[in-house]
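The values are calculated or read from the model by the stated rules, or taken from the named source; none is laboratory data. What you see is a predicted model; the values in this text were computed from it and never measured. Cβ: placed from backbone, ideal geometry, glycine included. Neighbour counts: every protein chain shown. Keep in mind that these areas ignore ligands, DNA and RNA; they rest on the heavy atoms of the full protein, side chains included. Shrake-Rupley method; radii C 1.70, N 1.55, O 1.52, S 1.80 Å.
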Amino acid sequence: MNMHFSKKAQVEVTFNWVYVLIAGAVIILFFVGIAAKQKTSSEKTLSGDIVRIMESIFASAGASEKTKNIIDISGLADYTFQFSCHDGVSEFNLKETESQRRQNAIDPVFSPAEIRATQLILWSLPYQLPFKITDFLFIGSSSTKYVVLGDRDGFAEELMSETNEFNREQVTSLSEVDPGKNFQVHVLDLSGDFYTRIPNDAIPIENPSLEKMDDDKVTAVSFLSANQIQYYRKQGTVFVREHQNPVDILSLEGEKDAARYAAIFATTAEIYKCNMQKALERLRKIIAVYQKKEEALNMYYQRRQDQGEAVGQCLGFLRLNVGEDIQNIQNQLFRLDGEAQSCLVFFKNNLPAACNGLIAEATHLRETNHALFEECGGSLY
Amino acid sequence: MNRGQMQSTETIAVLFIFFILILFAIIFYYNYQKVALTEKQEELLGSRAIDTATRVLFLPEIKCTNRETPEDNCIDLLKMRPLAAVASLTESPSYFENSDNKEYYFQLFSYAKITVKQLYPSDESEWVLYDVEKPNWHKKEPTSFIVRLKDETAGVNGQPKYSFGYLQVEVYS
């Protein structure tokens, strides 16, 4: 067969192939571009969804009192949740993605700075000073190990029994700690040994496994007393102080003391203080509410007295009692507000804590409220 | 028409059909995204309605306590009454909406309306605790809960009086 092509035909065939190749390449590039853009957009949407859903879970968990929730996040095991808090506003996002940072200036959330795990453990406890102010939300994870070292007033036993769901271990010395494959380790020095043993020096870790971990993955908190703490961070083979002055625990103590647990679940002083600022802001809002309730109760007892009923000391507990030992709720609420305001300033400006007055006023108000209930049957809260 | 012209026409026709197909794909994708966005907005609204309602139910500002123990699904009238806006006075904002607190509580409730209505004994009482309407809103999602209303000053022998009502939380999108 004689296959003879003219020169013109040869050029035309070559041109057609080049044309098809270019057109094909453009079409392929177009679809590859769309796919790439779609992938980025999907990842962004997914991370946004995750952050939004987690925020919703945190909000629900935080609003429901005294609940513990275990959230399976095994599908997100490759992602790192980041938590931070500055100037009374906490932020939360996924580290590896461009997810939007979710901010919250209302709900106190105490957590490690980073979480990478297959399970999140959420626990909420009501915070009272002396009346309920808000619910504290504590966030831990299956790979955040809490090491309980020493004891203070039997708190270690309470801590171990209340935190069954969390990854925790009680030891007698740091050398016993086995970090395993955990993402982070947080040491709870309940006896305050870190602080009292070597007040101004670094604390040797003396545990090769812990020493090998990244510095930002090992933290510690030392309880100087029932109401003061000092945070530590790892620096090579030692723990060093994270801040100069001890931080106050603002609580009336007792069982399931939310402020004390907050000090445990926050792994840095900044997260603790910043979230306590939120609680103090809310305290001031709620004091204003109770001032209005006190007015209503006072009018009620006044009316009863005007009708000739015996109201005993009720009006005294609310407004009339003035003296060194006996005070009234109206004054106590006023002073509590003043103390909350001062304490807030100290917390905001990172000054040495001076919140003893706040605790004292809250204690007095609680006593007067008990007395009001015993004498009159009614109470402020 | 010579062969060259025919080929050009053929190429133009192919390109035309190709772009028509692309156009169809874009229109389809646009409509799909529009529907997906609407569904997502509704899902978000539902989720926000539940979150806000939960927050209100546990709000320490209005929740009842009995000797420091919180009472579930109960609103303390002595705390709530002074906080609510007076319905007849439109100029009087509630505690949650006054200039000192508006910004703070907006972070908690966002665009929403929170109302408490007494049902039994019926006395037509209604309190609007919070009402910040979203400009140009197009959907409102209401969530209601039956609650007890406690008044420590209305009972006999110093005992509190309980009535029943509902708490309605409406969120706007």
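Limited to the range A:251-288, what total is found for residues that are more than 22 Å from A:S225 (Cα to Cα) and at pLDDT below 95? Of the residues in that region, 0 qualify. Within the range A:357-381, the residues that satisfy the criterion of being free of Cβ contacts under 8 Å to residues at least 60 places away in the same chain and either at negative phi or touching a His at 6+ places or on another chain (Cβ under 8 Å) (or both) are A:G357, A:A360, A:E361, A:H364, A:E367, A:T368, A:H370, A:A371, A:L372, A:F373, A:E374, A:S379.
Just one of the listed residues (A:L29, A:L21, A:L46) is surrounded by 10 or more Cβ atoms within 10 Å (Cβ to Cβ), in a helix (DSSP H, G or I) and within 42 Å of the chain's Cα centre (by Cα), and it is A:L46. The set of residues from the range A:248-294 being of a type in the set (V, I, T) and part of a helix (DSSP H, G or I) comprises A:I264, A:I271, A:I286, A:I287, A:V289.
For every residue, the table says whether it meets (1) within 14 Å of chain B (Cβ to nearest Cβ); (2) of a type in the set (F, W, Y); (3) under 27 Å from A:T80 (Cβ atoms); (4) open to solvent by 40 Å² or more (accessible area, probe 1.4 Å).
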residue	(1), (2), (3), (4)
A:L129	yes, no, no, no
A:R152	no, no, no, yes
A:T163	no, no, yes, no
A:L174	no, no, yes, no
A:S209	no, no, yes, yes
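Being under 16 Å from A:I271 (Cβ atoms) and open to solvent by 30 Å² or more (accessible area, probe 1.4 Å) is a property that holds for A:D87.
Residues considered: A:K278, A:K273, A:K256. Of these, the only one that is under 19 Å from A:D107 (Cβ atoms), surrounded by fewer than 17 Cβ atoms within 10 Å (Cβ to Cβ) and basic (K, R) is A:K256.
Only one entry in A:E55, A:E114 is modelled with pLDDT of 95 or more and either away from every other protein chain (no Cβ under 13 Å) or open to solvent by 30 Å² or more (accessible area, probe 1.4 Å) (or both), namely A:E114.
Quick check on A:F166: is it within 19 Å of the chain's Cα centre (by Cα) and not in a strand (DSSP E or B)?
Values: within 19 Å of the chain's Cα centre (by Cα): yes; not in a strand (DSSP E or B): yes.
Taking the combined requirement at face value, the residue satisfies it.
Annotation note: of B:E71, B:E42, the sole residue that is within 16 Å of the chain's Cα centre (by Cα) and more than 11 Å from chain A (Cβ to nearest Cβ) is B:E42. Restricted to the range B:33-134, the set of strands (runs of 3 or more DSSP E) holding at least 3 residues that are open to solvent by 40 Å² or more (accessible area, probe 1.4 Å) comprises B:69-76, B:112-120. The residue list B:K139, B:K117 contains one member that is modelled with pLDDT of 90 or more, within 16 Å of the chain's Cα centre (by Cα) and more than 13 Å from every other protein chain (Cβ to nearest Cβ), which is B:K139.
Residues considered: A:E324, A:E375, A:E367. Of these, the only one that is surrounded by fewer than 18 Cβ atoms within 10 Å (Cβ to Cβ), within 13 Å of chain B (Cβ to nearest Cβ), modelled with pLDDT under 95 and over 30 Å from A:G62 (Cα atoms) is A:E375.
Quick grid of which residues meet (1) more than 9 Å from every other protein chain (Cβ to nearest Cβ); (2) of a type outside the set (A, V, I, L, M, F, W, C); (3) open to solvent by 20 Å² or more (accessible area, probe 1.4 Å):
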{"position": "A:L297", "(1), (2), (3)": "no, no, no"}
{"position": "A:E309", "(1), (2), (3)": "yes, yes, yes"}
{"position": "A:R319", "(1), (2), (3)": "yes, yes, yes"}
{"position": "A:Q332", "(1), (2), (3)": "yes, yes, no"}
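Of all the numbered requirements in (1) touching a residue at least 12 places away in the same chain (Cβ under 8 Å); (2) among the acidic types (D, E); (3) outside any loop (DSSP other than H, G, I, E, B); (4) open to solvent by 40 Å² or more (accessible area, probe 1.4 Å), A:D178 misses one, and that requirement is (3). Given the residues A:A9, A:A63, which is the only one that is at pLDDT below 90, open to solvent by less than 60 Å² (accessible area, probe 1.4 Å), in contact with a Phe, Trp or Tyr (Cβ under 7 Å, 6 or more places away or on another chain) and within 14 Å of chain B (Cβ to nearest Cβ)? Exactly one of A:A9, A:A63 is at pLDDT below 90, open to solvent by less than 60 Å² (accessible area, probe 1.4 Å), in contact with a Phe, Trp or Tyr (Cβ under 7 Å, 6 or more places away or on another chain) and within 14 Å of chain B (Cβ to nearest Cβ), namely A:A63. Restricting B:A84, B:A13, B:A36, B:A49 to residues that are more than 29 Å from the chain's Cα centre (by Cα), modelled with pLDDT of 90 or more and of a type outside the set (S, T, N, Q) narrows the list to B:A13.
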